[in-house]
Every structure is written in C-alpha cells, then in structure tokens.
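Trainee: Supplied in structure tokens, the structure appears directly below.
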C-alpha cells in the first residue's frame, strides 16, 4: 500500500515539475539571468552599447555612489573651491550651518543620493494621502445610497488611465500660465500670479508629482479597502448598536481593527509600487529631478555608464527587497 | 423635529462629500475631454475656459479637429496597433504558462513547493528598472525585434502575478474533484485541462484582464526597446513623445484627444468587469 502511494506521489511530483518548466524557463530568461548579469556588470566600468574595452573595477562604482565628504565653507569661497577634485570631482549635495559655521556636504554623485531622498519623500506622502483619501472614499461608497453603482464605476476611472497618459493630462493642467487650469483656478482666489511653474520650480516639483500620483492611485487603495470593509459582517454593527455604541465608537472598535490586515497589505503594495516610480518622474520632470528608477535609467541610457547604472540597480534591488520581505512576512505563504 | 433637522444636515453633508469626491476623481479626465475639443487658438485663451468657447463671441464652440488629426497620425495608429498586439500576446502567454504552474502549485504535491511559492511572490515585486541592462543584453543575444522583446520582457511582471493569483484560485477548488476524476481513470493532466481549467474560467478572465492592463500601461521597457525602432512604439511611448506635424509647440489638443481615445476602452473594460477585477486584486493581495 505505501508502495502505491509512494508511486502516486512520485508521478504527481514529476507532473508538477513538468508543468512548472515553461514558467521557470521564462523567468530564468527575463529575470534571473539578467539580474546576474547586472550584478556582474556592477563591478566593471562597462559602457552601454559601446565598443570600449571593459575592465573589472571591484567596488569602485559602489564607493563612488556613496562617497560623501563634509568641508567647512568659508563666506568668501565657492563650493567647488573647498570640495576635493581628485581622484574624482565632488559636487555639492547640500549645505548646513552648525554653531555659526557653514558647512558643505559633497558627493561624487549627489544626484543619486538626492534621488533616493526624493523617492522616499514621494513614497511617504503619496502613500499617506492615498490611504487617507482611499479610506474616506471607501467608507462613503460602503454606505447605502442611491447611485452607489455609478459611484463605484466613477471610482475606477483614474485607475483605468495609463500612467503616462495621466502624467500628460496633468502636465497640461499644471501649465505655467493661465491657459493651464490650476493657475487659472488659483489666481481666481488670489493665490499666485497665474504663472506658477509647478513642474520647474524645485520646491513645487515633488508636491506636484505627489498630487498626480495620489489622483491616479487613490482608487486602487479605495477598492482594496472597500473589499476589506465588505468582509466585515453586518451583525457586528447591529450588536454594537444594541449595546449603545455610537458611530465613532463602532469605527474604532470594529471597523478599524478588522480592516487592519487589508489595510496593511494595501499599504505595502502601494509602497513597493511607489518606490519603483519611473514614468511620472521621467515624463514630468525629466532630468531636473530624479526618482531612483529614473536616475538609473538616465545613467544607463542617457550617460551610457552601464557599470555605474548596474551598481545603482543592485542598490535599488536591495532596498525594494527589504520592503518585499516585510510584505511576505505580513502575508505569509500558506502551508498545505 | 430636531432629529429631523439633524437628518437633513447629515444628508446634505453626505451629498457634499460625495460631490467633492466625484469632482476630484473625474475632473482631470473631464479636463482632457474639454481640451481635446478645443482648437489651438482656443487652447491659448487666457484665462482658460471650463468648456470650449469661441475666441470672438464667447459662445460654446466645439471642434473635432484634434480627433480627426490623431486618426490621421501614423505614430498614434501604429501605437494603438502595437499596444494591442503586445498586450494581447503577453496576456495569452502568461495565462497559458501561468495556469500550468498555478495548477502544480495549487493542487499537486512536490518537493520544493514552498520555496517556489516564495520566489514567485517575491518576483511580483521585482523592480523592473534593475534588470533593464541585463534584459537588453539577453535580447541582443537572442537577436529579436522590438515587439517580441516587449512581449517576452513583460512576462517579468505578468507571469509571477498571474501564477500567484491563479494558484490561490486552484487551491480553493475542492480536492474531491481531482480524486473522483482519478478514480474514473483520468490522469492528473487530464483532470487539469478537462475539469479544473474550465472551472477556473472566471479567474482566467480576471487575471487576464489585469495582465492586459499592466501590459497596456508599461512604459519603461517599451521606451528602451523601441528607441532604435520607432515604428514599434506602443501607445504610452507614442503619447509620451507625441509631437505634432508642425513642431512649433507641444500639441496639447491632440495629446488630450489621444488620451481620451486610449482611456475609453480600458474604462469600459474596468466598468464591466469591476467586481471581477477587485476579486482578482484581493485574491492576489489579501488572501495570499
């Protein structure tokens, strides 16, 4: 008997392996092998689509990406006068004052460090507002009213717009004169002079990008939260009402705790997607401000620095991998 | 009386919030529609108008010129065609391969299942930009054109996702189905394609739609792989790089018309299949 079950198991197992072959083969070609290639290239000075001789440079790409230096900046000197120029030129990352003295932080690739910072700020605020608005929309749509079906349909509209298309629609809304909607609208209320450059003024770029992303992805958040809300049995609310709990108490003692798992998943899902943001940055602010992904793209395609770009890829990969592990810990893979 | 008044105030507040939400969600798209119906000189009116108005007498004045222009525009027509080919091929390939592996992962016993599941889940979060240069090298080695390159490389995000979601659907099919089929003398593979696969048809529709939308949306790979072959550009690339016949300034009217045209099919799909799509998303994200 055990012989037979053993044979059955072996048959099942061999079928399982056979059925996994196409998927594993494709993923080897498009993910695993390219990733290995990228890790290898990150230790070289290879040039993208070039004929130059490639040399092995060890950790040079990584050290140059993270090289930082702090120098005192006297009043009468320019930043490039105090920052080291050899063996590689350092550029200004930022300046700060400490006990009356001005200091400058220099880096070989300040744009890289800025791109990480931009991506983190972008992710934090975008996910925060998406969750907040998503929550509000989900709660509203979850209550019974006439036209709820229409509302649900409207909800998915921004989600159905291609990211690049939404970027171009917003580019036009944010046009830096009163032929653009937002400038016309704001100047009606006396805000700004009707010439606000949302996408070229450094301080306004990130808020504008966050605004665009929030519009596009709030529906996704709302739909996931709504699905979570609908899993909560109505009897719980009835019981709470019988016990005399008010709407606010019901929210904090039933809705919120029961929604936590769906919310956590939606949060991590969105965080991971935001960390990878590319199209929005590339289309709307191009080479003025980078996200991690758009900087990586610029170094690879624009600058053809394939070795350096590969090192950037590895770093992005590690950052996202950390978040992905958190995601999997939250979800847990079911055991059979 | 007071209670009644309370109710009325509550209702008014609720409707107000509802209206704000609707305006917020719909307005940018409305703005695209509005702008797409304006001529170049109407677009240059300052301050801009909420509906297309005549530049002389301010009467309402629509123009369909932008729509006529984009349908005469080669970049746009090719883009639509390329996107359709790429998205449909990607969807079919990932459904085929994905349902095979999902059956193995959801219904068969084998060694190394857990690690495979973890790897697939991890791959749904793969940052695409990080493999761009390596993928470029693979495509150069295989020496394939831009369109098959996109189809192949899109597998990196559609295949793990499809496999993951389909696995959770397969897992929920009752075990008895398989057992009774086996008692009747069916091999496990026959059980798969004759009994289980038809039962997962709704799941195939859902995951297929999601794969299609992801592929329709993709920009980074398309931008890179079509850089030397502009004729293979997909819609997102075409719209990102859109320039008019006369490149005097950015032709926003035509861009908005293109935006409206490419959004409508997806909006219709999403409207019709919304419940299914949400089910797919939650199966992928929540149930695990």
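What follows is calculated from the coordinates using simple rules that are stated; it is not laboratory data. On a predicted model such as this, the values are computed, not experimentally measured, just so you know. Neighbour counts are summed over all protein chains in view; Cβ atoms, including those assigned to glycine, are modelled from backbone coordinates with ideal geometry.
Trainee: Output needed for segment A:193-278: three equivalent-ellipsoid semi-axes, defined as square roots of 5 times the C-alpha gyration tensor eigenvalues, in descending order, whole Å.
Mentor: Over the Cα atoms of segment A:193-278, the ellipsoid semi-axes are 38, 16, 9 Å.
Trainee: Quick one: Kirkwood hydrodynamic radius for segment A:68-108, alpha-carbon pairs, angstrom, one decimal?
Mentor: By the Kirkwood definition, the hydrodynamic radius is 10.2 Å.
Trainee: Residue B:276 to residue B:184: extension gain in nm, 0.36 nm per residue of separation minus the Cα-Cα distance?
Mentor: Going from the current span to full extension adds 29.8 nm.
Trainee: Additional query: Quick one: grab the alpha carbon gyration tensor of chain A, order the square roots of its eigenvalues as a ≥ b ≥ c, and give me rounded if a/c is under 1.5, else prolate or oblate depending on whether a/b is larger than b/c. Please list the in-between numbers first.
Mentor: Values: a/c = 2.06, a/b = 1.18, b/c = 1.75.
The shape class here is oblate.
Trainee: Can you sort B:123, A:221, B:155, B:194 from fewest to most other Cβ atoms within 10 Å of each residue's own Cβ?
Mentor: B:194, B:123, B:155, A:221
Trainee: Taking the 0 to 90 degree range and rounding to the nearest ten, how far is the long axis of helix B:201-217 tilted relative to the main principal axis of chain B, both from C-alpha atoms?
Mentor: Roughly 50 degrees between the two axes.
Trainee: Further question: Using Cα pairs closer than 8 Å and at least 6 residues apart in sequence, work out the relative contact order for chain B, in percent.
Mentor: Relative contact order for chain B comes out at 29 percent.
Trainee: With springs only between Cα atoms under 10 Å apart, run a GNM on chain A and tell me which of A:71, A:247, A:260 wobbles the most.
Mentor: Maximum among the listed residues: A:247.
Trainee: Viscosity 1.306 mPa s, temperature 10 °C: what is the translational diffusion coefficient of the protein assembly as shown from Stokes-Einstein with a Kirkwood Rh over Cα pairs, rounded to a whole number of µm²/s?
Mentor: It diffuses with D of about 59 µm²/s by this estimate.
Trainee: Rounded if a/c is under 1.5, else prolate if a/b beats b/c, else oblate: with a ≥ b ≥ c from the C-alpha gyration tensor eigenvalues square-rooted, which is chain B?
Mentor: In terms of gyration-tensor shape, oblate.
Trainee: Pick from B:264, B:115, B:85: which residue has the top mean-square fluctuation in a GNM of chain B where Cα pairs under 10 Å get a spring?
Mentor: Greatest mean-square fluctuation among the candidates belongs to B:115.
Trainee: Treating segment A:126-186 as a set of equal point scatterers at the Cα positions, no solvent, please give the Debye-formula log₁₀ I(q)/I(0) at q = 0.13, 0.17, 0.25, 0.26 Å⁻¹.
Mentor: -0.53, -0.81, -1.00, -1.01
Trainee: Using 0.36 nm per residue of separation minus the Cα-Cα distance, give me the extension gain between residue A:3 and residue A:96 in nm, one decimal.
Mentor: 26.0 nm
Trainee: Report, to the nearest 10°, how far helix B:252-282 tilts away from the longest principal axis of the Cα atoms in chain B, using its own Cα long axis and a range of 0 to 90°.
Mentor: 30 degrees
Trainee: Also, I was wondering about something else. Using a simple spin-label model with points 7 Å from Cα along the Cα→Cβ vector, what separation in nm is obtained for residue B:60 and residue B:72?
Mentor: With each label point 7 Å from Cα toward Cβ, the separation is 2.7 nm.
Trainee: Find the centroid of the Cα atoms in segment A:290-319 and in segment A:1-51, then give the distance between the two in whole Å.
Mentor: 25 Å
Trainee: So if I take the centroid of the Cα atoms in segment B:39-54 and the same for segment B:155-181, what is the distance between those two points in Å?
Mentor: What the calculation gives is 53 Å, centre to centre.
Trainee: Partner chain Cβ atoms within 10 Å, averaged over the residues of B:235-242 - can you pull that number for me? Could the numbers behind the result be given before it?
Mentor: Values: counts 3, 8, 1, 1, 6, 9, 2, 1.
Partner Cβ neighbours, averaged per residue: 4.
Trainee: Which whole number gives the average count of other chain Cβ atoms within 10 Å of the Cβ atoms across peptide B:101-109?
Mentor: Mean partner shielding for this stretch: 6.
Trainee: Restricting to Cα atoms and excluding each atom paired with itself, what does the Kirkwood estimate give for segment A:96-235 in Å?
Mentor: About 18.0 Å for segment A:96-235.
Trainee: To the nearest 500 deg cm²/dmol, what mean residue ellipticity at 222 nm is calculated for the protein assembly as shown from DSSP H runs of n ≥ 4 alone, each contributing -39,500 (n - 2.57), summed and divided by the residues?
Mentor: Value at 222 nm, helices only: -21500 deg cm²/dmol.
Trainee: Counting alpha carbon pairs within less than 8 Å and at least 6 residues apart, what relative contact order, in whole percent, applies to segment A:68-108?
Mentor: 48 percent
Trainee: Just check segment A:56-125 against the gyration tensor rule for me: Cα atoms, a ≥ b ≥ c as the square roots of the eigenvalues, rounded for a/c under 1.5, and otherwise prolate or oblate depending on whether a/b exceeds b/c. Please report the intermediate quantities before stating the final value.
Mentor: Working: a/c = 2.79, a/b = 1.17, b/c = 2.38.
In terms of gyration-tensor shape, oblate.
Trainee: Would you mind calculating the relative contact order of chain A from Cα pairs under 8 angstrom and at least 6 residues apart, reporting the percent as a whole number?
Mentor: That works out to 22 percent.
Trainee: In a GNM of chain B with a 10 Å cut-off on Cα contacts, which of B:27, B:71, B:192 has the highest mean-square fluctuation?
Mentor: So, out of B:27, B:71, B:192, the one fluctuating most is B:27.
Trainee: Also, quick follow-up: Within 10 Å of each residue's Cβ, count the other Cβ atoms and sort A:30, A:242 from fewest upward.
Mentor: Ranking A:30, A:242 by Cβ neighbours within 10 Å, fewest first, gives A:242, A:30.
Trainee: Once the Cβ-Cβ distance between residue B:27 and residue A:79 is put in as r, and R0 is 51 Å, what FRET efficiency do you end up with, to the nearest 0.05?
Mentor: Between residue B:27 and residue A:79 the formula returns 0.70.
Trainee: Residues of A:169-178, mean number of Cβ from any other protein chain within 10 Å of their own Cβ, rounded to a whole number?
Mentor: 5
Trainee: Could you list B:200, B:163 in order of exposure, starting from the residue whose Cβ has the fewest other Cβ atoms within 10 Å?
Mentor: B:200, B:163
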